[in-house]
1. Restrict the check to segment B:180-189 and report whether at least one residue is surrounded by 23 or more Cβ atoms within 10 Å (Cβ to Cβ), of a type in the set (Val, Ile, Thr), more than 14 Å from chain A (Cβ to nearest Cβ) and under 30 Å from residue B:105 (Cα atoms).
2. Would you check if residue A:382 is exposed (fewer than 15 other Cβ atoms within 10 Å of the Cβ) and either in contact (Cβ under 8 Å) with a residue 12 or more places away in the chain or of a type in the set (Ser, Thr, Tyr) (or both)?
3. Among the residues of segment A:222-238, which ones are surrounded by fewer than 21 Cβ atoms within 10 Å (Cβ to Cβ) and not in a loop (DSSP other than H, G, I, E, B)?
4. Of all residues in segment A:206-238, count the ones that are away from chain B (no Cβ under 11 Å) and over 28 Å from the mean Cα position of the chain (by Cα).
5. For segment A:219-278, which positions are β-branched (Val, Ile, Thr) and touching a Lys or Arg at 6+ places or on another chain (Cβ under 8 Å)?
6. Within segment A:338-347, can one find any residue that is in a loop (DSSP other than H, G, I, E, B) and farther than 22 Å from residue A:133 by Cβ?
7. All but one of (1) surrounded by 17 or more Cβ atoms within 10 Å (Cβ to Cβ); (2) of a type in the set (Gly, Ala, Ser); (3) away from chain B (no Cβ under 11 Å) hold for residue A:247; which doesn't?
8. Between B:253, B:218, which is surrounded by fewer than 24 Cβ atoms within 10 Å (Cβ to Cβ) and in a helix (DSSP H, G or I)?
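The values are calculated or read from the model by the stated rules, or taken from the named source; none is laboratory data. Only a predicted model underlies this, so the values are computations on that prediction, with no experimental measurement involved. Neighbour counts run over all protein chains shown; Cβ positions are idealised from the backbone, glycine included.
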Amino acid sequence: MQLNRRGLLGLSASAAAFAIGTPRGRAADPVKVGLILPMTGPFQSTGRQVDAAARLYVQQNPAATQGRPVEIITRDDAGVPDTTRRLAQEFVVNEKVSVLAGFGLTPLALAAAPIATRAKVPLIVTSAATASITQASPFVVRASSTIAQTASIAGDWAARNKMGKVVTLVSDYGPGIDGEAWFNKRYTAGGGTIAASLRVPLQNPDFAPFLQKARDESPDGLFVFVPSGMGAAVMRQFTERGMGQSGIKLFGTGDLTDDDILNGMGDPALGIITSHFYSAAHDSAVNHAFVDAFGKANGGLRPNFMAVGGYDAMGMIYRALEKTGGNTDGEAMVDAIRGLSFESPRGPIAVDPATRELTQNVYMRKVEKRDGQLWNIEFETFPAVKDPANTKA
Amino acid sequence: MLTVLFDGIAYGMVLFILACGLAVTLGLMNLVNLAHGAFAMAGGYAAAIMVNRWGVPFLAALPLAFLFAALLGLVLERLLYAHVYARPHLDQVLFSIGLVFMAVALVDYTQGSQQQFIQLPAFLRLRFQIAGVSVGAYRLLIIAVCAAVALSLQLILSYTRFGSRLRAAVDDPRVARGLGINVSLIFAVTFAVGSGLAGLGGALGAEILGLDPTFPLKFMIYFLIVVTVGGTASIGGAFLASLVLGIADVAGKYYIPAFGAFAIYAVMIGVLIWRPQGLFGRVATR
């Protein structure tokens, strides 16, 4: 390309105009949120739910503060930590996102945490639930819950309801062992006895031997923590083995009766008791509106606890921007998020300024049939539960 | 104690019906088909869709799942596998593992990646006491079906005209052709039946093993263990191997939960040290 002098002048003039133009244009620049989620692979249900809920929030609140729109960019990490890390880096370097969010599993969140620290970008965890994630970087904030939060409440509840003897059955992986430990701690502190602690290999085709073992201990209850897809298999084999009739109560944390797949589990799920922070059947105006809008936007899909994590992550970002006056500096935003409290579809939540974990209600729920569909119906509330794992007593 | 044995037998039977097709293709036709699990998955998904969406009774869905997987096997055999019979084993491995990945992606795309559940009729969820042993109706059905399949396969291969033609076609295809045996037809039928059995296994086993798009990858190793331990010479070998492995797996998980996941591998290693050609293996023929 040949440039004559006049062309060159014109070019530099327009470049100058552009350079001057940008600061004025910044007010309308979108605040970019980079969502990194498993949109394909075995955990795609998580990704789909979080993405749909986050987009719903933006659709309902087109402008955050001072007229700046929020733009969501979603990338698929397929549940592979290497990919999560690379995508986080690309988001920060190329897309210049102001917030990283998503993260379906603990290893994925841990892979991205160092990037958040170095780039000073807030990282909001919508799904992963191991307690150590918030310690991995001062920029991590959680919008879901920790396993300790829900499992310890299950332990309290079991002890309080005079379950004298319980067998625990967990998948042999980080979250499973966390769940087992926290349940045991609170349950035995409440006076219960653990008859046996069974750990099932993660790639386990058949639960039969483990369930038979549990049955032979004839406990009052069987506490189960397995990845959400496997919960249904446990349940069906539990029913098939007639363990319910022999007086054993099946209970666990809410992952067991995930709202997304609860209806597909069929009648064996009826009567199962779980402790969790969100049920699509939660009775509040905010939740009814959320469930309706979510279903309308996604062809009747029912939001689960992953979705509410995505929705509340956006809620945090909007409220933080409000507080900082549109300043997207990472440290300012995390400071603004600390101590936020608002009403979520799950109930009242507050970000603990010390731990960056949510203080929230944990509910005891029972699966019941209403209008031909299965729902987790809440029957007891443990209000304002702090995360016990990161809170120093 | 006996319940554990019973559960182990049921689990072994599922392994057998899933793997026996592979024993046939690998042992008799000398074709390494790692995509065997994909046919099992096809049968499982076919049954799940028929039962859950179209309301076909579960017992009727089983033969239909067999037919579906068999037809799929027939079509793929004619279109694809026919070209790799004469190729080295490495080519067959690469070809069939490629098919597995395609099958996984295809099912993931069309059906989603979540676990599928087949709604069982109420009478299969019952539980009986037989001689003091607590037994589930569903597992009883599995044992009955699989025993019948094993018996008829063995009879067909040993005593019918088709069986002897198949053995002839395997031993020396050229001479068999010279004697007027339609070798490619026999191979096609055998392959289809093997795939169909896998499909039946997928449908029957979905309740116990689970069913999701990664099924062929997750269980490939189990099929291969059954065939390796059983030896590729006969259906009987695969049958015995499945039973031993199934019982070892369930009993291992029951008695020593921490070690349970490894029991099946320990048995495999033990058997292979003792008899490298498998329980009923013949010394390699070619």
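1. no
2. So residue A:382 fails the test.
3. Selection gives A:229, A:230.
4. 4
5. A:239, A:248, A:257, A:272, A:273, A:274
6. Yes: one or more hits.
7. Among (1) surrounded by 17 or more Cβ atoms within 10 Å (Cβ to Cβ); (2) of a type in the set (Gly, Ala, Ser); (3) away from chain B (no Cβ under 11 Å), the lone unmet condition for residue A:247 is (1).
8. B:218
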